[in-house]
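See below for the structure under consideration.
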Amino acid sequence: QAADGPVTTVRGELPQDLAYEGTAVPLQKVWIAMRAGLTRLLESVTVADVARDQLPAEVIDTAACRSAWR
């Protein structure tokens, strides 16, 4: 984020700045939740973790899930 700005944008806009109508209204919350999850994950891993191959358990467990690979 420090180098490239926000982790997740939608069509170049921040999720909290989006406006959907009708049945699409819940999509804003989906985008915000996705960004929060991605940010939480990235903030839990350091370059040193990757270099030492000592990733947090959450990363290892998630990556081991078969559905994550599809």
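The values are calculated or read from the model by the stated rules, or taken from the named source; none is laboratory data. Everything quoted here is computed from the prediction, not taken from an experiment. When we count neighbours, we look across all protein chains shown, and the Cβ atoms used for this are built from the backbone with ideal geometry, even at glycine. All accessible areas refer to the heavy atoms of the entire protein, side chains included, with ligands and DNA or RNA removed. Shrake-Rupley method; radii C 1.70, N 1.55, O 1.52, S 1.80 Å.
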Accessible area per residue, Å², the chain with all protein chains present, probe 1.4 Å: 81
Work out the charge dipole of the chain with +1 on the Cβ of Lys and Arg and -1 on the Cβ of Asp and Glu about the Cα centre, then indicate which of Ala36, Ala51, Ala63 is farthest towards its positive end. Ala63
What is the helix-to-structure angle for 27-43, meaning the angle in degrees between its Cα long axis and the longest Cα principal axis of the chain, kept from 0 to 90 and rounded to the nearest 10? 20
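Could you order peptides 64-70, 18-24 by the average number of other Cβ atoms within 10 Å of their residues, highest first?
Working: 64-70: 7.3, 18-24: 9.3.
In descending order of packing, they fall as 18-24, 64-70.
Just how large is the dipole of the chain about the Cα centre, in debye to the nearest 20, putting +1 at every Lys and Arg Cβ and -1 at every Asp and Glu Cβ?
Values: 7 positive and 9 negative charges, 46 e Å.
I would put it at about 220 debye.
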Would you mind computing Rg(Cα) / (2.2 N^0.38 Å) for the chain, counting N as its residues? 1.38
Is there a quick way to get the dipole size of segment 24-64? I mean about its Cα centre, with the Cβ of Lys and Arg at +1 and of Asp and Glu at -1; what is the value in debye to the nearest 20? 260
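Considering just Cα atoms, how many Å³ per residue does the convex hull of segment 24-64 enclose? Could you put the intermediate results ahead of the total?
Working: hull volume 2.8 nm³, N = 41.
Cα-based convex hull of segment 24-64, divided per residue, equals 69 Å³.
Can you pull the percent of the chain's accessible area that's carbon plus sulfur, 1.4 Å probe, other chains left in place? Don't skip to the answer; put the middle values down first.
Numbers: 3320 of 5650 Å².
So the carbon and sulfur contribution to the accessible surface is 59 percent.
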Over the chain, the sum of -39500 (n - 2.57) across DSSP H runs of at least four, divided by residue number and rounded to 500 deg cm²/dmol, gives at 222 nm -13000 deg cm²/dmol
Using a 7 Å offset from the Cα along the Cα-to-Cβ direction at both Asp17 and Glu43, what is the distance between the two label points in nm, to one decimal? 2.1
